[in-house]
1. By per-residue mean of other Cβ atoms within 10 Å, what is the highest-first order of 328-337, 148-157?
2. Which of the peptides 479-486, 279-286 is most tightly packed, and how do the rest follow, going by the mean number of other Cβ atoms within 10 Å of each residue?
3. Mind checking which lysines have their C-alpha under 16 Å from Lys446, skipping anything on the same chain fewer than 8 residues away?
4. Using the Karplus curve 6.51 cos²θ - 1.76 cosθ + 1.60 with θ = phi - 60°, work out ³J(HN,Hα) for each residue of the stretch 462-475 in order, rounded to whole Hz, and write x for Gly and Pro.
5. Leaving out ligands, DNA and RNA, what percent of the accessible area of the stretch 213-344 is carbon and sulfur, probe 1.4 Å?
6. Heavy-atom accessible area per residue, the stretch 487-581, 1.4 Å probe: how many Å²?
7. If you work out Cα extents along the principal axes in Å from the coordinates, which of (1) 79, 52, 43; (2) 78, 55, 43; (3) 115, 69, 58 do you get?
8. How would you order 543-549, 340-346, 186-192 from highest to lowest mean count of nearby Cβ atoms within 10 Å?
Amino acid sequence: MFALILALPLLGALIAGLFGRWIGARGAEIVTSAGVIGAFAIGVKLFMTLMAGDELQPIILFQWILSDNFTAAWSLRLDMLTAVMVLVVTGVSSCVHIYSIGYMSHDPHRQRFMAYLSLFTFAMLMLVTANDFIQLFFGWEGVGLASYLLIGFWHQKDSANAAAIKAFVVNRVGDFGFALGIFGVFWLFGSVNFDVVFAAAPAKVAEVYRIFGIDWPVMTVICLLLFVGAMGKSAQIGLHTWLPDAMEGPTPVSALIHAATMVTAGVFMLARLSPLFELSEAASLFVALIGGATALFAATVALTQFDIKRVIAYSTCSQLGYMVFAAGVSAYDASMFHLVTHAAFKALLFLGAGSVIHALANEQDMRKMGGLWRVIPVTYVLMWIGSLALAGVPPFAGYASKHMILNAAFAAGGWIGPLLYCIGVLVAGLTAFYSFRLVFMVFHGKPRADHHSMDHAHESPLVMLVPLFVLAVGAVLLGVVGEAYFIGEERGEFWKHAITVLTLHDTIARAHEGFVPPVLVILPTIVGFVGIVLAFVFYVLRPQWPAQLARMSGGVYRFLLNKWYFDELYDRIFVRPVFWLGRFLWQRGDMGTIDRFGPDGISLASQQISKRAGILQSGYIYHYAFAMLLGLVIIVSWYVFIRVFI
């Protein structure tokens with residue numbers, strides 16, 4: 001039965017993709033939506049079965065690879081981590097499928113779009129149900145392919161094509177490191193099965209491998225290589241540049257891929273492989289530092305963006321930084337809790353942004369909005385709910401998960417714990433500010449859109465609003481309902497052996513035991529409220545101040561507006577040299593050498609020889625007789641020379 005979790009979305013994708021012409025757009029929408037909703041229903045059954053205390057064995061579907069003594073099977077790992085991710089993936093995907101029926105109603109290629117959505121859902125479910133590294137990698141690459149297809153869905157736009165290629169190439173960098181990490185796992189353990197690897201890992205901690213005269217701790221190297229893959233998928237600093245550009249895809253794609261599913265694959269992988277990462281302090285420290293840097297970087301950039309979807313995209317990047325540094329300080333359960341709550345309120349924000357864009361005839365620049373709360377009041381209320389959850393205002397969903405991450409970071413101790421806590425608190429304030437900067441610029445103040453857009457602005461149809469209501473319920477209640485199980489007193493029984501919950505590095509237990517001073521517990525909430533008040537002052541009471549502040553800050557503002565110049569830096573270091581090398585190999589190597597002395601050279605020589613040989617074919621008999629006589633003289637002379645002198 002649980003195998004249908006994978007089968008239904010795949011079946012929907014195949015029917016819509018292969019038979020879309022026959023069943024039509026409406027048929028494709030129905031079959032794909034029904035498949036994903038059915039998978040969600042079975043996911044609920046799986047979750048309830050595990051909550052009842054039943055232990056489920058992996059379901060083996062068939063063998064992937066059988067070579068000598070190495071085997072790899074396609075099997076489904078059915079534990080609580082899998083169940084949580086299945087609910088997140090299928091739940092958000094169900095909302096996005098239904099929302100897309102309204103949002104994409106005027107697109108002539110809806111069958112293909114719905115097929116891509118279901119294909120992505122299938123690949124993501126492959127990833128989260130993986131029982132070994134081979135299947136994990138299969139799903140990992142599957143979501144990369146599906147994201148490429150979805151980001152570049154409007155392929156008639158050059159910007160969409162460029163964004164799709166960029167996402168594909170940047171993720172290939174991370175995936176190369178991920179593949180090397182899997183090779184290292186097999187080399188060290190002789191297996192790719194999770195249970196076998198996790199059981200043997202403690203005995204391999206002291207293993208070293210000597211390269212270039214240096215002893216490298218194998219466990220640390222493997223964990224770092226695996227984390228490079230997570231950096232690509234989860235858009236961590238350095239491999240993040242694809243995420244904002246991916247907003248070129250349709251808004252439902254942004255909600256599905258870049259809010260709740262694909263970008264959380266790296267976080268899920270850290271939780272799944274927690275038994276390995278817990279054995280390498282150096283790797284965990286690196287994970288924590290990268291997560292903290294990402295959270296701060298993305299939050300500062302979001303302050304200056306004007307595209308409504310890009311603001312939310314950088315917010316996603318920042319929140320992923322929270323999840324990653326939580327994993328780095330061994331708070332894997334808090335990381336997963338924030339993943340779940342974030343899925344609800346960030347999908348709500350993306351789909352709410354799509355409702356705004358839909359109302360204004362595809363306008364995305366917040367500088368051309370304003371005063372929309374009277375025009376689209378339902379969307380306005382829903383965006384408030386999503387923004388309050390994102391800002392971590394109690395009792396909304398983001399409050400419990402985000403604050404536990406900050407408390408766990410401080411409880412980690414050493415120099416890294418307080419540093420991450422300070423970064424997290426600062427980012428919490430910035431998050432509240434840019435979240436409500438978006439709300440106030442879009443919905444408050446004087447309308448800045450042209451009269452045509454405002455006259456035709458309207459609330460979204462019910463088929464688009466219903467998914468928003470569902471996600472809004474999650475944004476309000478998930479924190480309250482899930483806190484006890486994910487990070488509270490029930491967490492040990494809830495997670496069981498799905499992720500590592502250690503007594504030695506259990507930062508969440510230390511946070512619960514009063515390790516964090518009360519003033520530091522409430523500080524993020526205070527800072528968040530300050531951020532909301534400042535946003536209200538800057539964008540409602542004194543809307544002229546932001547422009548004045550931007551002029552006063554000069555270089556700092558330009559630095560943030562240009563996203564810390566990462567794209568320009570990569571263009572200078574990587575893109576331009578590669579283009580120069582390509583032109584050199586083309587002009588000097590291919591045309592100047594290979595073609596010149598190869599096919600072109602041989603053909604030219606043949607032509608020249610043919611022309612010269614053609615001159616001899618004059619048609620006069622005496623010319624031919626003379627040539628025959630000359631040839632006879634040469635042959636006789638050569639014969640005499642050989643006989644006399646040799």
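The values are calculated or read from the model by the stated rules, or taken from the named source; none is laboratory data. The structure displayed is predicted, hence computed values, not measured ones. Glycine gets a Cβ as well: all are built from the backbone with ideal geometry, and neighbour counts include every protein chain shown. When the accessible area is computed, the model is the full protein with side chains, heavy atoms only, and any ligands, DNA or RNA have been set aside. Shrake-Rupley method; radii C 1.70, N 1.55, O 1.52, S 1.80 Å.
1. Order by mean packing, descending: 328-337, 148-157.
2. 479-486, 279-286
3. Result set, ordered by chain and number: Lys368.
4. 4, 5, 8, 7, 4, x, 5, 4, 4, 5, 5, 4, x, 5
5. 71 percent
6. Solvent-accessible surface per residue comes out at 66 Å².
7. Of the listed options (1) 79, 52, 43; (2) 78, 55, 43; (3) 115, 69, 58, (3) comes from this structure.
8. 340-346, 186-192, 543-549
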